[in-house]
Amino acid sequence: MNPNQPKPLDERVITEAIADRYFAKFKSCLDLDVAIVGGGPSGLTAAWKLASEGFNVGLFERKLSLGGGMWGGGMTWNMVVVQEESRHILEEAGVPVELYRDGYYTADAVTCTTTLASRACVAGAKVFNCTTVEDVCIREEAGGKRVTGLVINSSPVEMAGLHIDPVVLGSKCLIEATGHATEVLKTLVRKNDVRLNTPSGGIEGEQSMWAERAETTTVDNTREVFPGMWVAGMAANATYGSYRMGPIFGGMLLSGLKVAEEIAKQLRG
């Protein structure tokens, strides 16, 4: 037999390998240190940093691909801008960054998203794409209610409108990083008699474009908004009533870094 000739393939073994490895990964996430909902730049950065610290991290993305709004740059022109204060995050990840003019740096959007996704996965974060987070688990504790897990379903099930029950994973901390829509946080507020850590106690809502202000407030507003749930990226600004910033992504990266640092500190006690 020619030693260079490929061995015969058995389609059943291929199926078995996929099922065994996938459900081993899934079962390892039944009790997460950190669940991240949304695979945009802030979510990917947080996943990379937290997994690098040894935490059990699961990232859940409704779409097939990761990257959120970063993929398309501005208006499908797939370049992004970052400022001086945040370019070190991309450089640490291995993304080439070029000076455009004083204070403005550019990077290829596809390189950014694929590199951040790779760094998160290689660090040990478990990614579940085509997965919708449709609800959270909530429990009464001594100090009040707390988010203790997430309720997930298949995105194709959601898109088809099928009535199929979801399943549940536990989490010590949940990061709401679904962007402008704040989908998970809206569900928490709509279905439960809870008050958020915001001026009104509810979701303040996103304001119109003001890049300079938004880049700062994206980081400032990154915090624990409800026991067990944190907001990061554009979800932070939408939660606390600040502005959108468009295709400049420094604040998003810094927000992911901040939420990772603060959750790591909390988990270590």
Does Ile138 satisfy being assigned to a strand (DSSP E or B), of a type in the set (A, V, I, L, M) and touching a Lys or Arg at 6+ places or on another chain (Cβ under 8 Å)?
yes
With respect to Leu99, determine if the residue is in contact (Cβ under 8 Å) with a residue 40 or more places away in the chain, at negative phi and not charged (D, E, K, R).
no
Neighbours by Cβ (under 8 Å, 6+ apart or cross-chain): first from the range 182-208, of a type in the set (Ser, Thr, Tyr); second part of a loop (DSSP other than H, G, I, E, B)
Thr182/Ile203; Thr198/Glu204; Thr198/Gly241
Has the range 41-62 got any residue that is assigned to a loop (DSSP other than H, G, I, E, B), closer than 29 Å to Leu188 by Cα, of a type in the set (Phe, Trp, Tyr) and modelled with pLDDT of 95 or more?
yes
For the range 208-219, how many residues meet the condition of being in contact with a helix residue (DSSP H, G or I) (Cβ under 8 Å, 6 or more places away or on another chain), of a type outside the set (Val, Ile, Thr) and surrounded by fewer than 21 Cβ atoms within 10 Å (Cβ to Cβ)?
0
Which ranges mark the strands (runs of 3 or more DSSP E) fully within the range 143-220 that have 1 or more residues being touching a Leu at 6+ places or on another chain (Cβ under 9 Å)?
144-154, 167-176
Filtered residues of the range 232-262 (kept if over 19 Å from Glu92 (Cβ atoms) and either without any contact (Cβ under 8 Å) to a residue 12 or more places away in the chain or surrounded by 22 or more Cβ atoms within 10 Å (Cβ to Cβ) (or both))
Met234, Ala235, Ala236, Asn237, Ala238, Thr239, Tyr240, Ser242, Met245
Looking at the range 170-198, which of the residues that are of a type in the set (Asp, Glu) and at pLDDT 95 or above is surrounded by the most Cβ atoms within 10 Å (Cβ to Cβ)?
Glu176
Given (1) under 27 Å from Ala214 (Cα atoms); (2) surrounded by fewer than 17 Cβ atoms within 10 Å (Cβ to Cβ); (3) charged (D, E, K, R), index of the condition Asp108 fails:
(2)
Check off (1) hydrophobic (A, V, I, L, M, F, W, C); (2) assigned to a strand (DSSP E or B); (3) more than 9 Å from the chain's Cα centre (by Cα) for Phe23 and give me the number that stays unchecked.
(2)
Only one of Ile89, Ile36 that is assigned to a helix (DSSP H, G or I), at negative phi, at pLDDT 95 or above and among the hydrophobic types (A, V, I, L, M, F, W, C):
Ile89
Flag for Leu267 being of a type in the set (A, V, I, L, M), assigned to a helix (DSSP H, G or I) and in contact with a strand residue (DSSP E or B) (Cβ under 7 Å, 6 or more places away or on another chain)
yes
Name the residue that is nearest to Ala24 (Cα to Cα), counting only residues in the range 122-144 that are modelled with pLDDT of 95 or more and among the charged types (D, E, K, R).
Lys126
Of all residues in the range 63-86 being surrounded by fewer than 19 Cβ atoms within 10 Å (Cβ to Cβ), of a type in the set (S, T, N, Q) and assigned to a loop (DSSP other than H, G, I, E, B), which is nearest to the chain's Cα centre (by Cα)?
Ser65
Is there any pair linking a residue in the range 1-14 that is without any contact (Cβ under 8 Å) to a residue 60 or more places away in the chain to one that is surrounded by fewer than 10 Cβ atoms within 10 Å (Cβ to Cβ) and not hydroxyl-bearing (Ser, Thr, Tyr), with Cβ under 7 Å and at least six apart or on different chains, and which?
none
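The values are calculated or read from the model by the stated rules, or taken from the named source; none is laboratory data. Just so it is clear, the model here is predicted, and its values are computed rather than measured. Methodologically, a virtual Cβ is constructed for each residue, glycine included, from the backbone with ideal geometry; neighbour enumeration extends over all protein chains shown.
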